[in-house]
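Let me begin by presenting the structure, written as structure tokens, before commenting on it.
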Amino acid sequence: MTTPETTKTRYKRVLLKVSGEALMGDQSYGIDLGTVTRIASEVKDAISAGAQVCLVIGGGNIFRGLSGAASGMDRATADYMGMLATVMNALAMQNALESIGVDTRVQSAIPMTSISEPYIRRRAIRHMEKGRVVIFAAGTGNPFFTTDTAAALRAAEMGCNALFKGTQVDGVYSADPKKDPKATRYDRLTHHEVIARDLKVMDAAAISVSRENHIPIIVFNIHQKGGFVRALLGQGPCTVIEDAAG
């Protein structure tokens with residue numbers, strides 16, 4: 001499978017960050033295969049529109065390291081368990097993508113040679129140049145870092161033009177719009193504003209990595225059909241987090 005010669009999107013290479021919870025569908029735990037297949041179809045449409053795509057998927061639908069630590073578990077151990085959950089989600093997404101004809105590779109920051117490739121930056125870039133989707137699993141491979149930070153790090157390493165974060169709502173709000181009907185949605189923000197206003201879109205480390213590497217973050221609703229491609233084309237409701245040029 002090859003990438004179309006003409007790129008219709010404003011971004012040539014992007015990283016899509018999806019939370020583990022997004023894979024649950026209407027379930028309270030685990031992986032809903034119908035939801036995973038729907039998200040996979042969004043990725044396929046993005047490739048058809050001319051983008052090179054890589055992914056980072058969280059593990060919160062299976063295990064959250066912070067929750068384990070809060071319950072008394074050693075934080076490093078809990079985080080490693082969370083990393084293993086992200087590998088399970090990556091394999092599920094790989095299966096869904098390949099079932100609809102999208103060549104996919106999983107690269108794990110924790111070596112698991114029987115089921116995935118080790119993370120090798122140059123190999124991952126080559127995969128994307130050949131039109132393959134690369135899913136980065138196991139976070140950064142280190143405890144005490146979130147998958148949001150892993151997403152920002154991989155986006156910088158891959159030379160991505162943007163980091164797309166698929167969420168439950170259509171952008172960044174001043175408060176949780178599901179709890180506060182008066183919450184305001186922002187169309188545009190700077191990385192500094194996100195940190196200064198303590199907006200809970202990504203953790204501060206992820207925002208800082210994106211800012212230092214001049215990577216815009218586009219926040220959109222992963223559950224709206226066609227939302228990813230519309231965001232790639234600069235259409236539809238979303239929030240763009242980007243510092244002013246110069």
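A short reminder: the numbers here are calculations on the coordinates, not readings from a lab. All figures in this text were calculated on a predicted structure; none of them were measured in a lab. Virtual Cβ from ideal backbone geometry, glycine too; neighbours counted across all protein chains shown.
Write out, first by first residue and then by second, each pair whose Cβ atoms fall under 7 Å of each other, whose residues are 6+ apart or on separate chains, and whose first residue, in the stretch 121-132, is surrounded by 17 or more Cβ atoms within 10 Å (Cβ to Cβ) while the second is among the charged types (D, E, K, R). Pairs that qualify, where the first residue is surrounded by 17 or more Cβ atoms within 10 Å (Cβ to Cβ) and the partner is among the charged types (D, E, K, R), are His127/Arg105; Met128/Arg13; Arg132/Asp103; Arg132/Arg105. Mind listing whichever residues of the stretch 75-112 are over 17 Å from Gln52 (Cβ atoms), of a type in the set (S, T, N, Q) and buried (at least 21 other Cβ atoms within 10 Å of the Cβ)? Thr86, Asn89, Ser108, listed by residue number.
Each row is one residue, and each column tells you yes or no for (1) free of Cβ contacts under 8 Å to residues at least 24 places away in the same chain; (2) on the phi > 0 side of the Ramachandran plot; (3) out of contact with any helix residue (DSSP H, G or I) (no Cβ under 8 Å at 6 or more places or on another chain).
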site	(1), (2), (3)
Asp45	no, no, no
Phe63	yes, no, no
Ser71	yes, no, yes
Thr86	no, no, no
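Scan the stretch 111-130 for residues that are under 22 Å from Phe63 (Cα atoms) and part of a helix (DSSP H, G or I) and the total you get is 0.
With the requirement that a residue be of a type outside the set (Lys, Arg) and touching an Asp or Glu at 6+ places or on another chain (Cβ under 7 Å), what does the stretch 107-130 give you? Residue satisfying the conditions is Gln107 alone.
Please count how many residues of the stretch 118-143 are touching a His at 6+ places or on another chain (Cβ under 9 Å) and either under 15 Å from Glu157 (Cα atoms) or charged (D, E, K, R) (or both).
Total satisfying the criteria: 1.
Out of the residues in the stretch 146-192 that are touching a Pro at 6+ places or on another chain (Cβ under 9 Å) and of a type in the set (D, E, K, R), which is nearest to Gln52 (Cα to Cα)? Among those that are touching a Pro at 6+ places or on another chain (Cβ under 9 Å) and of a type in the set (D, E, K, R), it is Asp170.
Evaluated against (1) touching a helix residue (DSSP H, G or I) at 6+ places or on another chain (Cβ under 9 Å); (2) under 26 Å from Leu233 (Cβ atoms); (3) buried (at least 20 other Cβ atoms within 10 Å of the Cβ), Lys8 falls short on exactly one condition, (3). Could you tell me which numbered condition Ile115 fails, if it satisfies all but one of (1) surrounded by fewer than 16 Cβ atoms within 10 Å (Cβ to Cβ); (2) under 14 Å from the mean Cα position of the chain (by Cα)? With respect to (1) surrounded by fewer than 16 Cβ atoms within 10 Å (Cβ to Cβ); (2) under 14 Å from the mean Cα position of the chain (by Cα), Ile115 is out only on (2). Scanning the stretch 122-162 for residues that are of a type outside the set (A, V, I, L, M, F, W, C) and more than 24 Å from Ala204 (Cα to Cα) yields a count of 8.
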